[in-house]
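Read through the structure below, which is laid out as structure tokens, and then see the notes.
The values are calculated or read from the model by the stated rules, or taken from the named source; none is laboratory data. For clarity, every value in this text was computed on a predicted model and none was experimentally measured. With ideal geometry, Cβ positions are generated from the backbone for all residues, glycine too; neighbour counts draw on all protein chains shown.
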Amino acid sequence: MSLAGKVKIGRRRLLEGLVAAAGIAVAAAAVFEAPRLFATRYPPSPFDDLLAKLRDRENAIRVGTAFLAGRKSFDANGTATVLRRCLAATSLADAMDNDLRESRMVEAHGWVLPETLVDLCALAARAG
């Protein structure tokens, strides 16, 4: 074999290229993973599949706490079963639209909200 047709790459240039590629990979991973690293962590609950549908869990906990303060009993497991059945077939937004169309509204500390949303908020309050 002849060395005449081969391109020579210096070790220094190769190492610089590898370090640059590694730096770009680390920066890209940081951009994509940073929101997950700095997100608020909640203790695991049996309702996590439902609570993942909430955008702002902190405010959902506040609404749920206000709702539960006015109730003597709340069946969290039964509510979760109904919500899983409902949200398996449709999105949360569509379920709330259905609540509005069918006048299924609930009052929580002066706020009148769709029943599906308030039930999710109550589960968030129970889960902590």
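Regarding Asp48, is this residue loosely packed, with under 15 Cβ neighbours inside 10 Å and in contact with a Phe, Trp or Tyr (Cβ under 9 Å, 6 or more places away or on another chain)? Can you show your working first?
Details: loosely packed, with under 15 Cβ neighbours inside 10 Å: yes; in contact with a Phe, Trp or Tyr (Cβ under 9 Å, 6 or more places away or on another chain): yes.
So Asp48 fits the description; yes.
Considering the stretch 98-123 alone, what residues qualify as being part of a helix (DSSP H, G or I) and in contact with an Asp or Glu (Cβ under 8 Å, 6 or more places away or on another chain)? So that I can check it myself, show each step before the final result.
As a first pass, look at the stretch 98-123 and keep what is part of a helix (DSSP H, G or I): 98-101, 115-123.
Within the stretch 98-123, Asp99, Glu115, Thr116, Leu117 qualify.
Yes/no matrix, rows are residues, columns are (1) out of contact with any Lys or Arg (no Cβ under 8 Å at 6 or more places or on another chain); (2) closer than 21 Å to Asp49 by Cβ; (3) touching a residue at least 24 places away in the same chain (Cβ under 8 Å); (4) of a type in the set (D, E, K, R):
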site	(1), (2), (3), (4)
Leu68	no, yes, yes, no
Ala80	yes, yes, yes, no
Arg101	yes, no, no, yes
Val106	yes, no, yes, no
His109	yes, no, yes, no
Ala124	no, yes, yes, no
Ala127	yes, yes, yes, no
Failed item, numbered, when Ala95 is tested on (1) small (Gly, Ala, Ser); (2) within 12 Å of Leu123 (Cα to Cα); (3) assigned to a helix (DSSP H, G or I): (2)
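Select, from Arg71, Arg126, the only residue that is within 16 Å of Pro46 (Cα to Cα) and either of a type in the set (Lys, Arg) or part of a helix (DSSP H, G or I) (or both). Please lay out each step first, then the result.
On the way: Arg71 fails: within 16 Å of Pro46 (Cα to Cα).
Unique residue meeting the criteria: Arg126.
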Restricting attention to the stretch 44-64, the residues that are outside any loop (DSSP other than H, G, I, E, B), out of contact with any Leu (no Cβ under 9 Å at 6 or more places or on another chain) and of a type in the set (Lys, Arg) number exactly 1
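Taking the conditions exactly as written (in a loop (DSSP other than H, G, I, E, B), of a type in the set (A, V, I, L, M, F, W, C) and either loosely packed, with under 10 Cβ neighbours inside 10 Å or modelled with pLDDT of 85 or more (or both)), does Val7 satisfy them or not?
On the way: in a loop (DSSP other than H, G, I, E, B): yes; of a type in the set (A, V, I, L, M, F, W, C): yes; either loosely packed, with under 10 Cβ neighbours inside 10 Å or modelled with pLDDT of 85 or more (or both): yes.
Here the answer is yes, as Val7 does meet what is asked.
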Selection within the stretch 108-128 - among the acidic types (Asp, Glu) and touching a Leu at 6+ places or on another chain (Cβ under 8 Å): Asp119
Any residue in the stretch 52-66 that's over 13 Å from Gly128 (Cα atoms): show its pairings with residues that are in a helix (DSSP H, G or I) and of a type outside the set (Lys, Arg) at Cβ separation under 8 Å, as long as the two are six or more apart or on different chains. Lys53/Leu87; Lys53/Leu92; Lys53/Leu120; Leu54/Ala60; Leu54/Leu120; Leu54/Cys121; Leu54/Ala124
